[in-house]
1. Can you list the residues, at least 5 places off or on another chain, whose amide H is less than 5 Å from the amide H of B:SER174, using H built in the peptide plane?
2. Under the classification rounded if a/c is under 1.5, otherwise prolate if a/b is larger than b/c and oblate if not, where does chain A fall, given a ≥ b ≥ c as square roots of the Cα gyration tensor eigenvalues?
3. Ignoring ligands, DNA and RNA, please state the percent of accessible area on chain B from carbon and sulfur, probe 1.4 Å.
4. Just to make sure I understand: if all protein chains stay in place, what is the order of A:HIS269, A:HIS155, B:HIS194, A:HIS229 by accessible area at 1.4 Å, largest first?
5. Could you pull the accessible area for B:SER174 with a 1.4 Å probe, rounded to 10 Å²?
6. How do A:TRP97, B:TRP27 stack up against each other in accessible area, from largest to smallest, with a 1.4 angstrom probe?
7. How big is segment B:142-187 by the Kirkwood estimate over distinct Cα pairs, in Å?
8. Rounded to the nearest whole Å², what accessible area per residue is found for segment B:125-239 with the 1.4 Å probe?
Amino acid sequence: MLKDITIGQFFPGNSVIHRMDPRMKLILTIVYIVIIFLCKNFWSLGLVVLALIIVVALSKIPVKVILKSIKPIAIIITFTAVLNMFYVRTGDPLLDWKFIHITTGGVITAVFMIIRICALVVASSLLTYTTSPTLITDGIEQLFSKFKFMRNGVHTIAMMMTIALRFIPTLIEEFEKITNAQKARGADLETGNLVQRAKALIPVLVPLFITSFRRAYELAFAMECRCYHGAEGRTRMKLMKYTKLDAFGFAFIALATGGVVALNIFFQHVI
Amino acid sequence: MESILKFDGVYFTYDDEVDETQGNVHWAVSDLSFEVNPGDFIAVLGHNGSGKSTLAKLSNAILIPDKGEVTVKGISTKDEDRTLEIRQHVGMVFQNPDNQIVATVVEEDVAFGPENLGLPPEEIRRRVDEALKAVGMYEFRENEPHKLSGGQKQRVAIAGIIAMQPECVVLDESTAMLDPKGRREVMDTVRKLHDELGMAVVFITHHMDEAAFADKVLVMDKGKVFLTGTPYEVFRHVDEIRGVGLDVPQATELALALGLPGDILTYGECADAIMHSLEN
C-alpha cells in the first residue's frame, strides 16, 4: 500500500551509527563535508574515502542501498566531470585534437570532482539512512535551542516539520479516498497523455487542498487547547544525551580532519 | 464547593458586527447558564447547529462570550493573561482524532501538553505513562498514530489531555466519527476517568445511549437550553425531544409506552422491569 512507504529514506537498524546522538551526527556530517573539500592531493582524498568506508561498514547499511543514493545524481556527476575535463587547462597536454584539449590537470580535477561529490552524497545519505526524520528534526531543534536568538525560529521550523511528517500518511490516505470517490463517479485518471492526466488530477487535488486547510484549522485549535504557545517555556520529555559512542565518533572525525591537514602539508598539492 | 466551570448568561455570535438594536443578531448560543462541579458527568445533547460545539469552544477560552461570562475555577475566560491556566484546567477532545494528534509517536504526542506546560522531563515521563495506562494504550506507546484504529487514536487524544491533569474534560462529539467498537472503547475510557480519577466530564453527543450514563443532561436547541435534568427526567419528555430533532433511548421509549415504573434508561433495566411486571 501507498500508506506504508517509508518517509525520507530511513533504514531502521541498531548499529553504532544508528545509536549515535542525532546532534552529533549532524555536526560530524557537516565537518566531514568540509574536509572532503579540504583535500588537496590523492593521499588526503584516500583518507577521506577510507573514513567513509569504515563508517558505512559500521552502519551495516547494505552497499546496494548506498549505491542507490548515488544513482539519481549520476548525470550531474558525469556532466561535472566532463566539463572539468574539457575546460581545466592546467598541467601537461594529453590530447590536442581540433577543438578538444585535454590536460592532466583536467583529468585530475574530474576525478577529484567525482570522488568528492560521491563522498558528499553518501555521507549525507548515511545521516538520513541511520536517523529517523523525527530524530533529525528533534536534533536540529535541540542543537540550535542553545542559541537564544535563533531558538524561536528553529523551534517553529522543527514543529512544522514534525507536523508535516505526522500528516504525510494521513494525507496519502485521504488522497486515495478522494481518488476512489472520483473514480466511482467516472473520473478517468489512468488514460490519456501527460497533460490529460494532469488535468484529471484537478478534481482530486482541489478537495485534498480544502480538507487540508480544514485539518490545519482544527489542529491549530487542538494545539491551543493543549496549551501550545511556541518555544517559550516549553520543555521536552526526551532530552538527548551524548554518550561514549558520540565521543568516539567525534574522535574519529577529528582524527580524519587532522590526517587530511597533515597529508595536505606533507605531500604535494595536485589540485 | 467551587464550581470548575460556570456559564453565566452567556451569549455568543459568529456574526462580525453585533448590533442588537437591529434585532437580527444570530446568536449561536444565547442566555446559557449552567455549572460543572467537581466529579460531575454532564451530557450535552442537541442536533447539528444547536450550539453544542460553540458551548465547547466557549468553555476553554477558544471563543470568548459576547455577553455574560464563562469562569473556570473563578477565572474569567476574558482574562487573556490566564488563558493557559484555563486550558490546563479544562481539557478538550475533538471529533476527528486525526486532527488532534501532533507527533509521529504515541507517547510523544501524549507528552505534547505537559511539554507545553514546561514541566521537568521526569514529571512528563511519569504523567505520560500514567495517562497511557489510564486509557489502556500503554503497550502502544511507541507506535505510530496513523497505524491505530479510530477508537485507539481517540484514546491517545484523551491521554494527551489527561496528561495535563485537568479537572474537567470536555468531549466535543468525540465518538461521532467512530465505529461502534471504537465508540464503546471511548465511552468506557471516559466513564473510567469519571469514576476512578474523579474528573468532571462534559460529554457532547447526539447519541442518546451515551447520555444515559450522565448525572445530568442538557438538551440544547437553537443555542438555548431546552431541557435539563437527570437523564430520566429529560427522556420522559419524548414528544418535546422528538420536536427538536432528537430521539430518546429505545429502552426508555419502550418502558414509557408500556407504562413501566422506575427510571429506565438501558436495555438491561428495561428487560428487568418487563420481567418484574410479568411476574406480578
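1. For B:SER174, whose amide H was placed from the backbone, the distant partners under 5 Å are B:ILE204.
2. Working: a/c = 2.60, a/b = 1.40, b/c = 1.86.
Verdict is oblate for chain A.
3. Values: 5610 of 12070 Å².
Heavy-atom surface of chain B belonging to carbon and sulfur, 1.4 Å probe: 46 percent.
4. Working: A:HIS269 100, A:HIS155 5, B:HIS194 30, A:HIS229 75 Å².
Order by accessible area, largest first: A:HIS269, A:HIS229, B:HIS194, A:HIS155.
5. 0 Å²
6. Working: A:TRP97 140, B:TRP27 50 Å².
Reading off the accessible areas and sorting them downward yields A:TRP97, B:TRP27.
7. Details: mean 1/r = 0.0892 Å⁻¹.
The Cα-based Kirkwood calculation yields 11.2 Å.
8. Numbers: 4630 Å² over 115 residues.
Counting only protein heavy atoms, the per-residue value for segment B:125-239 is 40 Å².
The values are calculated or read from the model by the stated rules, or taken from the named source; none is laboratory data. No experiment lies behind these values; they were computed from the predicted model shown. Virtual Cβ from ideal backbone geometry, glycine too; neighbours counted across all protein chains shown. We work out accessible area using only protein heavy atoms, side chains counted, and drop any ligands, DNA or RNA first. Shrake-Rupley method; radii C 1.70, N 1.55, O 1.52, S 1.80 Å.
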